[in-house]
Protein chains: 2
Amino acid sequence: MSLTFTVHHTSDRARRGAIRLPHGAVETPIFMPVGTAGTVKAVPQNVLEELRTQILLGNTYHLYLRPGHQRIRRLGGLHRFMSWPHPVLTDSGGFQVFSLSKLRKVTEDGVQFRSHLDGSAHMFTPEHSMEVQIALGADIVMVFDECTEYPATRERARESLDLTLRWAHRSRDYFLAHAEEVPWFAEFNGQTQNVFGIVQGGMYPDLRRECAERLVELDLPGYAIGGLSVGEPREHTREIIESTLPLLPADKPRYVMGVGYPEEIVEYAAMGVDMMDCVIPTRAARHGLLFTQEGRMNIKNLRYAEDQNPPDPACGCMVCRRYTRAYLRHLALAQEPLGGALNSVHNLAFYLDTMQSVRDAISLGTLPGLLARVRAHAGVHAHGA
Amino acid sequence: MSLTFTVHHTSDRARRGAIRLPHGAVETPIFMPVGTAGTVKAVPQNVLEELRTQILLGNTYHLYLRPGHQRIRRLGGLHRFMSWPHPVLTDSGGFQVFSLSKLRKVTEDGVQFRSHLDGSAHMFTPEHSMEVQIALGADIVMVFDECTEYPATRERARESLDLTLRWAHRSRDYFLAHAEEVPWFAEFNGQTQNVFGIVQGGMYPDLRRECAERLVELDLPGYAIGGLSVGEPREHTREIIESTLPLLPADKPRYVMGVGYPEEIVEYAAMGVDMMDCVIPTRAARHGLLFTQEGRMNIKNLRYAEDQNPPDPACGCMVCRRYTRAYLRHLALAQEPLGGALNSVHNLAFYLDTMQSVRDAISLGTLPGLLARVRAHAGVHAHGA
């Protein structure tokens, strides 16, 4: 494993730093756009570069089903397949099996499931998830975990946690034995991928603590908090992140999976989270929801029908420089593919710019002010809509 | 009307020239991408500019129904609405009423129809079509015509032709009385739009001749051949174009509406056509059909599953510079929006580059060779697929 993580500035619990990965450096705290099936929905790779996207997340479950990890391996790995020469992280597939697949059956060995695409039968084990992720060749890969459902009893959360820990060992062992099989091993002078552990434990802080402590013994290059954004109240999400973060090694990247709204990612970064990913900016965009400095905007609203302002007057992205709210509203109502694409570009720009502001505020010691401003717009609809 | 048309080179029947329009100059022969509802489906305006698109076609029927021509007028016209400061042409709505609307009823006055969107009742008359087109503010507008169906008896074609001629007069009269109402009239120092006539007459060359002769008396700044691509054999299309073109004034742009495949647009340009438009490049793209120097390519074909070549190795477009056939195939099969978008960009690049080659070949006197090469790939599938 060949990651290096350097903290350059701290501000209270927040830290600004950089992760050096085989395919490049990533500034932290970072937001990772989700490129589920080898594409950030509707956004071309050159536009992601123009937005200064530093790292993408790919979904192992989707890529395994289509086009298949062996095919991607033969094509040189995910970076080459999708023409994205910058860092990539893949999840383990555990969350998607949990949320998308059918007829799921969990055993000690792994998870049997049926594809949401064609009903075909498959099995993911920790070893198989790692095999798939090595074939995909992301810079960071995740141990195979069981995402505990919400709500879960304490007993159920403990069982799930114990299974996740055993799977973490198996994932790591398989990875260490096969790390040199990554498609770009020779090309990158013997560098390998980096495996992150995932803390589970449901909504029980003491179980989270136990999971974190036992995972840290594995001495992995980074740690994630999983099992959030599964339907729990946002207050629980924050409490679990807040209580779990101090248990993770301060000299390693700390990643919270699957979050969140703009005010949440700022808040979590202020708590010391280094990495986050979420489908919200692109999924919301496809439904006509835009994030702006003034709050959220449902671009389909009649009030924008003849509004010639840019979506977000405070934004300098390529969409806000060229198009009006009236035009984006028209595209959304007409269900024109350009609408979802432009909305996605703006929302990603908003998220990436937000994280740049967070990094700058950490360096400048102005994070409390930024956090207050962002909180003021939390859940607010622009123009009192 | 403020168009100027200059022929710079001729080569046999073909001619290379330029049309000066209020929003800029257009080199001819030109292919016009179709931006039906104020957007070339899935392709952002800056990409159209990178492809050196010179003029777009907008559909009056669609824009009238949504977002409405009065709204577009209040927003400054179609150019400003869609942030496209370059030339635009709108059709009259006649063809779309013919092909898309429901419960169509044609009278001397005009066409009653029901919207394909919500079934609401509407009526287009020549006067109304011109009113809508003046509100949209395209550089070139078209007289309101009745698109004769195929097949049509001689009697039916004559009736339709006579109606179209009476409507052409009414269209011109309304336009001349209201030309100064175009949204950009003052801003463009009193320039106005340009009305083109449309030759109908079904598949009867003598009716086409009569229609052309009577339309030419109107002394409009340009003439189109309409009523093609309505299901007739391609041989008929060519014959009608070939026999009608010489009847149109040589010092005015000659436009064939709604054509065609790459080999057709080259052939028609060689016959002396100056302007063409067609949905084929973008519609085919959304179905995974790519045009290449080697012929047509169904990118979904299994043979491309692990093909790391660019879609068209002879193409220098932004898609062919970055992505592989394997990746585009994956996007098409996964129905990812990026697939249709990238395929559209390539196909438009192919069409626009083809017309640039035609213009260059006219200047260089090498058009026969280009035509032979293009014909050799007509209907051919790349790689013998």
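Taking the options B:307, B:312, name whichever one is of a type in the set (Asp, Glu), in contact with a Phe, Trp or Tyr (Cβ under 9 Å, 6 or more places away or on another chain) and not in a helix (DSSP H, G or I).
Within the list B:307, B:312, the selection yields B:312.
Filter the stretch A:342-356 for residues that are within 16 Å of residue A:270 (Cα to Cα) and buried (at least 17 other Cβ atoms within 10 Å of the Cβ) and give the result.
Hits for the stretch A:342-356 are A:351, A:352, A:353, A:354, A:355.
Just to be sure I understand the filter: pairs with C-beta atoms under 7 Å, separated by 6 or more residues or on different chains, first member in the stretch B:307-323 and touching a residue at least 60 places away in the same chain (Cβ under 8 Å) and within 13 Å of chain A (Cβ to nearest Cβ), second member assigned to a helix (DSSP H, G or I) and open to solvent by less than 20 Å² (accessible area, probe 1.4 Å). Which pairs pass?
B:317/B:345; B:317/B:346; B:317/B:349; B:318/B:345
How about the stretch A:67-175: which helices (runs of 4 or more DSSP H) wholly inside it have at least 2 residues that are more than 29 Å from residue B:342 (Cβ to Cβ) and open to solvent by less than 10 Å² (accessible area, probe 1.4 Å)?
Helices (runs of 4 or more DSSP H) meeting the threshold: A:94-99, A:126-136.
Given the criterion free of Cβ contacts under 8 Å to residues at least 40 places away in the same chain and under 19 Å from residue A:61 (Cα atoms), identify the matching residue among A:128, A:122.
Every option except A:128 fails the conditions.
I'd like the residue in the stretch B:43-66 that is outside any loop (DSSP other than H, G, I, E, B) and of a type in the set (D, E, K, R) and, out of all such residues, is farthest from the chain's Cα centre (by Cα).
Restricting to residues being outside any loop (DSSP other than H, G, I, E, B) and of a type in the set (D, E, K, R), the top hit is B:50.
Quick check on the stretch A:180-213: of everything there that is in contact (Cβ under 8 Å) with a residue 60 or more places away in the chain and part of a loop (DSSP other than H, G, I, E, B), which residue is farthest from residue A:168 (Cα to Cα)?
Here the answer is A:188.
Need pairs with beta-carbon distance below 9 Å; first residue without any contact (Cβ under 8 Å) to a residue 60 or more places away in the chain and within 14 Å of another protein chain (Cβ to nearest Cβ) and within the stretch B:337-352, second buried (at least 24 other Cβ atoms within 10 Å of the Cβ) and of a type in the set (D, E, K, R); sequence gap 6+ or separate chains.
If the second residue must be buried (at least 24 other Cβ atoms within 10 Å of the Cβ) and of a type in the set (D, E, K, R), the pairs left are B:339/B:329.
Cβ contacts < 6 Å: first residue over 12 Å from residue B:128 (Cβ atoms), restricted to the stretch B:60-73; second residue part of a loop (DSSP other than H, G, I, E, B) and of a type in the set (Ser, Thr, Tyr), any location; separation 6+ or different chain. Result?
B:62/B:36; B:65/B:115
Part of a helix (DSSP H, G or I) and either within 15 Å of the chain's Cα centre (by Cα) or farther than 24 Å from residue A:362 by Cβ (or both) - does that describe any residue in the stretch A:248-260?
no
Mind checking which residues of the stretch A:11-39 are charged (D, E, K, R) and in contact with a Gly (Cβ under 8 Å, 6 or more places away or on another chain)?
A:13, A:15, A:27
Would you kindly identify the strands (runs of 3 or more DSSP E) lying entirely within the stretch A:1-42 that contain at least 3 residues that are open to solvent by 10 Å² or more (accessible area, probe 1.4 Å)?
A:4-11, A:14-21, A:24-28
Would you point out the residue of the stretch B:373-385, among those that are in a helix (DSSP H, G or I) and open to solvent by less than 60 Å² (accessible area, probe 1.4 Å), that is nearest to residue B:288 (Cα to Cα)?
B:382
Can you name the residue in the stretch A:37-84 that is of a type in the set (Val, Ile, Thr) and out of contact with any Asp or Glu (no Cβ under 9 Å at 6 or more places or on another chain) and is also farthest from the other protein chains (Cβ to nearest Cβ) among such residues?
Checking each candidate, the answer is A:53.
What are the residues in the stretch A:328-343 that are closer than 22 Å to residue A:40 by Cβ and part of a helix (DSSP H, G or I), if any?
Correct list: A:328, A:331, A:332, A:337, A:338, A:339, A:340, A:341, A:342, A:343.
The values are calculated or read from the model by the stated rules, or taken from the named source; none is laboratory data. These numbers come from a predicted model, not from an experiment. Here the Cβ is made from the backbone with ideal geometry for all residues, glycine too, and neighbour counts use every protein chain on show. Note: areas computed on protein heavy atoms with side chains; ligands, DNA, RNA excluded. Shrake-Rupley method; radii C 1.70, N 1.55, O 1.52, S 1.80 Å.
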